[in-house]
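Reviewing the structure listed below.
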Amino acid sequence: MKKAAVFALTACASFPLFANNTASDLPNTDVFLVKLNGNAIVSAENVSNRVGYDNQPNFVDGGLLYTAGFHQGELWQTDVMLYDFKTKQTTNLTKTDVSEYSPTKVPNEDGFSVILEGHDGSQELWQYGFSKPITANLLRKEVGKIGYHAWGQNYDLITFVLGEPHALYFGNTQKQTGKPVATDIGRTLAFNKTRNVYSFSQYKNDQQWITLFDSQNESLKPVLQLPEDVDYYAWHGDDALIYGKGNAIYHWRLDSSDKPSKWLDLSAHCAHKITRLKYQTTTDLLAFVCDRT
């Protein structure tokens with residue numbers, strides 16, 4: 001059940017209320033791009049480089065998608081930005097009168113998916129093309145509001161559905177299927193293509209555990225307990241996990257009996273707190289968010 005719509009472009013002086021927040025609620029975050037050579041930092045650049053909300057980085061071929069918040073007076077919304085590695089220029093890909101966030105490349109298609117928040121407060125999964133005009137397609141209708149998502153293979157995906165408690169759903173956009181597979185989940189969803197396994201964090205006794213979900217046999221396997229106050233992690237290649245704590249990034253090899261070890265010291269670039277992060281194996285690039293709030 002695909003529904004298409006063309007959203008009107010906004011003028012700079014008109015922004016709707018996003019997520020019932022005001023401009024003063026916007027955290028001050030920056031998106032950094034780090035070039036690595038194995039375990040060494042070659043360079044680090046603040047690619048958003050402005051005061052305000054820039055968050056949720058996600059790699060695409062030749063660039064980096066991220067969410068940017070804009071405000072006019074007491075109202076604010078989010079759009080999807082694309083930072084081009086070659087030109088070092090940033091383009092607003094959506095610039096609509098609704099808010100989009102959690103931009104993610106759709107596998108095998110020339111487009112990206114977002115969580116789109118409508119004026120009625122709905123939060124649904126939509127897809128945009130990289131080319132103009134700005135046309136969006138509704139990919140699926142979940143039971144409740146969607147917060148985050150991660151694509152698997154053949155249009156399978158997992159979604160974070162808001163509720164009490166929040167739930168993890170597994171489904172397929174082409175078959176329009178979906179069912180809950182876990183509850184009490186955190187904010188980071190991912191997919192490891194080589195292992196053909198999804199990952200998410202789940203609360204157990206007030207602690208978050210990175211948990212693997214095998215969609216073939218619907219099994220759940222907790223693998224690593226995250227430190228207190230750490231909500232985000234990422235895959236580093238196929239067999240390791242990373243997360244930020246303070247202004248450093250820690251590394252843990254899957255199935256290792258060792259504790260996570262300090263991998264990268266980013267204090268020279270982020271004096272505050274590292275939150276979300278992504279790693280791209282083919283380019284040895286790391287994207288992370290520095291929260292200056």
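The values are calculated or read from the model by the stated rules, or taken from the named source; none is laboratory data. Treat the numbers as computed from the prediction; the structure is a model and nothing was measured. In this analysis, Cβ positions are derived from the backbone assuming ideal geometry, glycine residues included, and neighbour counts consider all displayed protein chains. All accessible areas refer to the heavy atoms of the entire protein, side chains included, with ligands and DNA or RNA removed. Shrake-Rupley method; radii C 1.70, N 1.55, O 1.52, S 1.80 Å.
Backbone amide hydrogens, once placed in the peptide plane, bring Ser48 within less than 5 Å of Val31, excluding anything fewer than 5 places away on its chain.
His119 contributes an accessible area of around 130 Å² to the protein surface, as traced by a 1.4 Å probe with all chains present. Qualifying trypsin sites (Lys or Arg not before Pro) in the range 161-210, where qualification requires a DSSP coil assignment and no more than 15 other C-beta atoms within 10 Å, comprise Lys175, Lys193, Arg195.
Amide hydrogen proximity for Arg140: with H placed 1.01 Å from N in the peptide plane, the residues at 5 or more positions away or on another chain lying under 5 Å are Leu125.
Counting only the Cα atoms, the chain fills a convex hull of 135 Å³ per residue.
Measuring nothing but protein heavy atoms, the accessible surface of the range 75-173 at 1.4 Å probe radius is 51 percent carbon and sulfur. Once the Cα-Cα distance is subtracted from the 0.36 nm per residue extended length, the Asn92 to Lys245 segment shows a gain of 52.1 nm.
Remark: the range 239-255, residue by residue, has Karplus-estimated 3J(HN,Hα) of 10, 9, 10, 10, 8, x, 9, x, 10, 10, 10, 10, 10, 9, 7, 4, 6 Hz, where x stands for each Gly or Pro and the curve is 6.51 cos²θ - 1.76 cosθ + 1.60 at θ = phi - 60°.
Structural descriptor for the range 44-98: relative contact order 24 percent, calculated from alpha carbon pairs under 8 angstrom and at least 6 residues apart. Under the convention that each Lys and Arg Cβ holds +1 and each Asp and Glu Cβ holds -1, the size of the dipole of the chain around its Cα centre is about 440 debye. As a length-normalised measure over Cα pairs under 8 Å and 6 or more apart, the relative contact order of the range 201-293 settles at 19 percent. Would you please classify the overall shape of the range 160-240 from the alpha carbon gyration tensor, given that a ≥ b ≥ c denote the square roots of the eigenvalues, rounded means a/c under 1.5, and beyond that prolate means a/b larger than b/c while oblate covers the rest? Oblate, because a/c is 1.5 or more while a/b does not exceed b/c. Taking the charge dipole of the range 172-293 about its Cα centre, with +1 at Lys and Arg Cβ atoms and -1 at Asp and Glu Cβ atoms, the residue from Cys290, Gly237, Thr177 reaching farthest to the positive side is Thr177.
A protection proxy built from the mean count of other Cβ atoms within 10 Å ranks the segments 91-101, 219-229, most packed first, as 91-101, 219-229. When Thr104, Thr281 are compared by accessible area at a 1.4 angstrom probe, the order from most to least is Thr281, Thr104. The 3J(HN,Hα) values that the Karplus relation (6.51, -1.76, 1.60; θ = phi - 60°) gives for the range 91-96 are, in residue order, 10, 7, 7, 10, 6, 10 Hz. Gly and Pro appear as x.
Per-residue extension of 0.36 nm, minus the Cα-Cα distance of Leu220 and Glu45, leaves a gain of 59.3 nm for this segment. Phi angles across the range 163-173 convert, under the Karplus curve 6.51 cos²θ - 1.76 cosθ + 1.60 with θ = phi - 60°, into 3J(HN,Hα) values of x, 10, x, 5, 10, 9, 10, 10, x, 9, 6 Hz, Gly and Pro given as x.
Under 5 Å between amide hydrogens, built in the peptide plane, is the criterion, and for Leu75 it picks out Ala23 among residues at least 5 positions away or on other chains.
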